[in-house]
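Right, one structure below, let's go through it.
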Amino acid sequence: MLTNKIFNYQFMPESAKLFLPADIEEDDILFFDIETTGLSHRNSRVYLIGAALCTDGKWEMIQFLAQKENEKEEYAVLEAFQSLCARKRCFLHFNGSTFDIPYLQHKYQSYRLTSPFKDAVSVDLYRTLRPLRTILQTENFRQKSLEPLAGYRRQDAMDGKELIKVYRTYAKTGGQTLLNLLFLHNHDDVEGMGCLLAFGALLALLRGNFRMRDITAVTDRAMDGSLLQEVLFTVKLPLSFPTRLSFSLPCAYVTLENDCCKMKMPLLEGTLKYYYPDYKNYYYLPLEDEAVHKSVGVYVDPACREKAKASNCCKRVSGYFLRAFGAPQIPLLKSSYESGDCYIQWTDSFLRNPEMQISFLSEYLKSQIRV
């Protein structure tokens, strides 16, 4: 078995905290990826395991390679990885819940070795990031497709199937060039996995973890030449994203760059209705198509008033509005009682209140993607 080490490795960005349980420390973590000669543990072997880990605040990458395709070498790789995992209680991987971990557990069981994953925390970056699939719009949701969006450019150009041929040739003939190709592929898999933690900035946004920086009304021109009134929200993220990322959501266009996110939403003009929740305390005035509180309605001619119902206990409001989603801590308006579409009014008080703006945006984002 060969062991390859890369010391003084810079691996752990602040983004990782958004993927981990609160009680996990940097020294608890181990990233890993495996290379096998097939998909079934029954008729294939694991020939290369790469891992990145932190010890006393210093990161390093370690790779274990089986020099021959036989049980003795496979056992040595598994045993070395088992020893490396000692005192690590959190494993990060990409889709390892489906393949890597079950495969290795079967191997450890067949060799009567203790699995290092027993009682450990498992963080699957694939499953954590999967809700972002609709907005990232990659050809597929494989690690290699996500890496460029996170600013990672791998040197390796092979896929897993091609690597099997390289390994089997190396296992028979040796050769430094083939060995370098094997280590490079696995290195880029592990390093690229770490770079996916940059998506923590996007997770922070979708979880409402941001601060308001600016809000302003803007005018844009539509494709047909007409003018569009829009609101541009600018927020500061707790983390920086390494590339420029833009995507569309219903009623919003979003752009991330560095620690800044901009969201542009349409501003609509018209008349809507605000429905009072305590309708039993109101009278409905049919001629005005509005409701008034009983303390005021008592002075209205009884012939011109009636007990309000939930469906007509409202007041009419004219002005500019933003489409609202979720349950922001802001009065909501609708075009009719039956309508499922809600809006908030664009007012000076909204402009001056960052907490209100954050509530509006947080509820909107949470309603679009659950992370």
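The values are calculated or read from the model by the stated rules, or taken from the named source; none is laboratory data. Values in this document were obtained by computation on a predicted structure and should not be read as measured data. Positions of Cβ are generated from backbone atoms using ideal geometry, with glycine treated the same way; all protein chains shown enter the neighbour counts. Heavy atoms of the whole protein, side chains included, go into the accessibility calculation; ligands, DNA and RNA do not. Shrake-Rupley method; radii C 1.70, N 1.55, O 1.52, S 1.80 Å.
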Please compute the alpha carbon radius of gyration of the chain, then divide it by the globular-protein estimate 2.2 N^0.38 Å. Two decimals is fine.
1.38
For Lys294, go through the lysines and keep the ones whose alpha-carbon is under 25 Å away, minus same-chain ones fewer than eight residues off.
Lys273, Lys280, Lys307, Lys309, Lys315, Lys334
On the formula 1/(1 + (r/R0)^6), with r taken between the Cβ atoms of Lys72 and Arg207 and R0 of 56 Å, the FRET efficiency rounded to 0.05 is 0.70
Averaged per residue, what accessible surface does the chain expose to a 1.4 Å probe, in Å²?
51
Compute, for Asp301, the solvent-accessible surface of its heavy atoms (probe 1.4 Å) with the complete set of protein chains present, and express it in square angstrom to the nearest 10.
90
Student exercise, the stretch 28-162 dipole from Lys, Arg, Asp, Glu Cβ charges, in Debye to nearest 20:
300
If I model a spin label as a point 7 Å beyond the Cα along the Cα-Cβ vector, how far apart are those points for Lys280 and Thr219 in nm?
5.0
Classified through the alpha carbon gyration tensor (a ≥ b ≥ c as square roots of its eigenvalues; rounded if a/c is under 1.5, else prolate when a/b is larger than b/c, else oblate), the stretch 87-131 comes out oblate
Give the ranking of Glu338, Glu257, Glu191 by solvent-accessible surface, highest area first, calculated with a 1.4 Å probe.
Glu338, Glu257, Glu191
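About its Cα centre, how strong a charge dipole does the chain have in debye, to the nearest 20, once Lys and Arg get +1 and Asp and Glu get -1 at the Cβ?
Around 500 debye, computed over the chain.
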Length gained, Gln82-Lys161, 0.36 nm per residue minus C-alpha separation, equals 25.9 nm
Students often forget the sequence filter, so: which aspartates and glutamates lie under 17 Å Cα-Cα from Lys58 once same-chain residues fewer than 8 apart are removed?
Glu14, Glu25, Glu26, Asp27, Asp28, Glu191
Report, in whole Å, the centroid distance computed from the Cα atoms of the stretch 234-276 and the stretch 320-361.
14
If you average the sequence gap of Cα pairs under 8 Å that are 6 or more apart and divide by the length of the stretch 1-109, what percent do you get for the contact order?
32
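Taking a 25 Å limit on the Cα-Cα distance, which of the listed pairs Lys107/Lys161; Lys68/Lys165; Lys88/Lys236; Lys5/Lys144 fall beyond it?
Pairs exceeding the cut-off: Lys88/Lys236.
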Order by accessible surface, 1.4 Å probe, largest leading, for residues His187, His93 comes to His187, His93
Nitroxide proxy distance, nm - points 7 Å out along Cα→Cβ at Thr169 and Phe99
2.2
DSSP-assigned coil residues among chymotrypsin sites (Phe, Trp or Tyr not before Pro) in the stretch 328-371, each with at most 14 further Cβ atoms within 10 Å:
Tyr337
Which of Val121, Val235, Val46 moves the most in a Gaussian network model of the chain with Cα springs under 10 Å?
Val121
Using a 1.4 Å probe on heavy atoms of the protein chains only, the accessible area for His41 in Å², nearest 10, reads 50
On the protein heavy atoms, probe 1.4 angstrom, tell me the percent of accessible surface of the stretch 283-338 carried by carbon and sulfur.
54
Working out 0.36 nm times the residue gap between Val121 and Leu227, then minus their Cα-Cα distance, what length gain in nm do you get to one decimal?
32.9 nm
Which of the listed residues, Tyr152, Ser97, Ile135, is farthest toward the dipole's positive end in the chain, when Lys, Arg count +1 and Asp, Glu count -1 at the beta-carbon?
Ser97
Sequence of Val231, Val317, Val371 from largest to smallest accessible area, 1.4 Å probe
Val371, Val317, Val231
Of all trypsin sites (Lys or Arg not before Pro) in the stretch 79-136, which ones are in loop regions per DSSP and have a Cβ with at most 12 other Cβ atoms within 10 Å?
Arg87, Arg112, Lys118
